[in-house]
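Encoded as structure tokens, the structure appears first; notes follow it.
Throughout, read-outs are computed from the coordinates displayed, never taken from laboratory work. In this text the structure is predicted, and so the values were computed from the model without any measurement. Here the Cβ positions follow ideal geometry from the backbone for every residue, glycine too, while neighbour counts run over all protein chains shown.
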Ligand SMILES: [Zn+2]
């Protein structure tokens with residue numbers, strides 16, 4: 001009964017957004033959209049770092065990024081943020097973007113809506129308590145989700161950020177060379193690279209980063225955060241289109257007086 005299930009989830013989302021007193025006719029909440037790359041002709045590539053903040057490795061990643069005028073998004077784990085809030089300050093002061101990777105790195109599958117909401121909002125609260133901005137991007141631990149968690153994330157106004165360049169740098173014993181080859185082979189405009197700045201054994205990641213940043217620069221790429229990639233793409237227009245099986249990619253049309261409510265929210269969030 002997929003239709004019934006979708007209706008139930010939509011009702012759940014609307015309830016969580018609106019609360020019991022909201023009048024009927026309020027806009028329907030959509031499940032969170034997942035992006036792994038964005039359509040753009042510009043030579044932009046986004047770098048993302050998961051599982052930090054980490055006192056040992058995050059500052060080294062920040063130093064390498066600064067050296068190459070590169071930006072990135074750090075998807076931090078709330079419990080690690082609580083452990084080292086000063087590193088969140090360093091990320092923020094370096095002009096980097098901070099995304100939510102959950103409070104306890106829970107796999108958002110087969111969980112109740114309440115449990116999903118608790119882990120996601122717990123992660124966001126930890127970031128804000130450490131002086132960071134309220135996050136609007138979420139990365140799924142282990143890339144796992146289901147209808148329930150995507151619905152809750154949609155209700156909380158998150159965009160799920162996946163990836164299109166998988167360095168697999170989390171694998172113990174992976175070589176620097178392997179990571180470098182993956183990034184340089186798969187790099188393309190609008191793609192999103194995943195790496196890790198925590199919790200341990202990040203030497204290969206750092207060594208690879210020291211090679212790929214200048215190599216991509218040399219190819220004419222600008223290395224950006226996910227937010228910057230989105231601002232330079234047609235994503236905002238896509239977001240305003242109700243989801244369908246095909247998820248059409250539309251060219252944005254100039255509609256200064258008839259901006260959709262979702263687009264308005266989105267533009268306000270990334271602006
Ligand atoms: Zn992770």
*Between residue 200 and residue 219, what is the spin-label point distance in nm, taking each point 7 Å from the Cα along the Cα→C-beta axis?*
3.3
*Going by C-beta contacts inside 10 Å, put 69, 101, 201 in order with the fewest on the left.*
69, 201, 101
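I need the calculated FRET efficiency for the pair residue 56 and residue 157, taking r as the beta carbon distance and R₀ as 30 Å, to the nearest 0.05.
Taking R0 as 30 Å, the efficiency between residue 56 and residue 157 is 0.35.
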*Label zone at residue 79 (point 7 Å along Cα-to-Cβ), backbone N below 15 Å, segment 180-207*: 199-200
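Length gain on complete extension for the stretch residue 211 to residue 188, per 0.36 nm per residue less the alpha carbon to alpha carbon distance?
6.6 nm
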*On full extension of the chain, what length is gained from residue 89 through residue 172, given 0.36 nm per residue of separation minus the C-alpha to C-alpha distance?*
27.0 nm
*Would you mind getting me the FRET efficiency between residue 28 and residue 134? Use the beta-carbon distance for r and R0 = 35 Å, nearest 0.05.*
0.90
*asked:* If I take the Cα coordinates of segment 129-231 and project them onto the principal axes, what are the three extents in Å, biggest first?
replied: 41, 31, 30
*Find the all-direction average of the projected area of the Cα convex hull for segment 76-136, expressing the result in square nanometres with one decimal place.*
3.8
*Determine the relative contact order of segment 29-233: mean sequence separation of Cα pairs under 8 Å and six or more apart, normalised by residue count, in whole percent.*
35
*For 163, 170, what's the fewest-to-most ordering of other Cβ within 10 Å of each Cβ?*
170, 163
*If the chain between residue 107 and residue 66 were fully stretched, how many nm would it gain, using 0.36 nm times the residue separation less the Cα-Cα distance?*
11.5 nm
*Counting other beta carbons within 10 Å of each Cβ, put 83, 202 in order, fewest first.*
83, 202
